[in-house]
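Student: If you scroll down you'll find the structure; I have some questions about it.
The values are calculated or read from the model by the stated rules, or taken from the named source; none is laboratory data. Computed from a predicted model, the values in this text were never measured in an experiment. Please note: Cβ atoms are built from the backbone with ideal geometry, for glycine as well, and neighbour counts cover all protein chains shown.
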């Protein structure tokens with residue numbers, strides 16, 4: 001009888017071991033991701049600093065900055081939507097600070113709302129540097145003539161508006177934004193599904209173990225039936 005049980009036991013316990021290892025790996029990934037997100041949140045909430053002379057995506061992603069200057073005349077809209085609000089656009093505008101030109105993500109304007117006039121004179125904007133990863137092979141090409149984009153592509157937007165490839169996502173401004181709602185940088189859009197993956201693998205391990213036990217039970221019962 002033992003010989004007949006060796007195969008199911010190896011197959012069953014081996015499968016359980018693999019599934020448990022996958023679950024444990026996801027737990028380790030979860031711990032790493034939570035630490036990573038905490039580090040991002042800490043950086044987002046640091047005190048604003050002056051705009052770096054040469055900002056780099058690798059080192060300055062999420063860096064809080066404060067800039068003073070005035071809006072330029074050129075801008076564009078990025079198709080967007082917000083939960084419980086609906087579709088709309090993010091308004092991206094050229095901004096002049098000192099002798100530099102950068103991009104400002106002013107915030108979200110609900111579909112159907114009239115964009116307010118740009119504030120005149122100098123304003124101060126606090127926000128975070130961001131180089132979003134929103135484009136892929138399925139992203140439609142922007143309607144540059146119409147100023148409508150389907151993702152925030154910093155390099156391409158900067159080329160279209162004639163600025164440095166630097167985007168500041170506004171979180172606090174010194175003027176009345178009207179119907180435009182600033183959407184500060186956060187970790188909300190960064191996926192963290194490792195907990196669900198871990199639960200899935202551990203659940204599969206429990207099911208596999210139960211099926212293995214049932215197979216062994218059926219094998220033993222069939223063998224006893226043969227000997228009676």
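Student: Regarding residue 201, is this residue crowded, with 17+ Cβ neighbours inside 10 Å, touching a helix residue (DSSP H, G or I) at 6+ places or on another chain (Cβ under 9 Å) and assigned by TED's automatic domain parsing to the domain that holds residue 110?
Tutor: no
Student: For the structure I just gave you, tell me whether residue 173 is in contact (Cβ under 8 Å) with a residue 40 or more places away in the chain, in contact with a helix residue (DSSP H, G or I) (Cβ under 8 Å, 6 or more places away or on another chain), surrounded by 16 or more Cβ atoms within 10 Å (Cβ to Cβ) and over 19 Å from residue 20 (Cβ atoms). Write out each step before concluding.
Tutor: Details: in contact (Cβ under 8 Å) with a residue 40 or more places away in the chain: yes; in contact with a helix residue (DSSP H, G or I) (Cβ under 8 Å, 6 or more places away or on another chain): no; surrounded by 16 or more Cβ atoms within 10 Å (Cβ to Cβ): yes; over 19 Å from residue 20 (Cβ atoms): yes.
No; evaluated as a whole, the condition is false for this residue.
Student: Here's something else I'd like to know. Which one of 163, 200, 212 is at pLDDT 95 or above and under 30 Å from residue 6 (Cβ atoms)?
Tutor: When all the criteria are applied, what remains is 200.
Student: Looking at residue 176, is it out of contact with any strand residue (DSSP E or B) (no Cβ under 9 Å at 6 or more places or on another chain) and closer than 21 Å to residue 71 by Cβ? Don't jump to the end; show me each part of the working.
Tutor: Values: out of contact with any strand residue (DSSP E or B) (no Cβ under 9 Å at 6 or more places or on another chain): yes; closer than 21 Å to residue 71 by Cβ: yes.
Yes: the conditions hold for residue 176.
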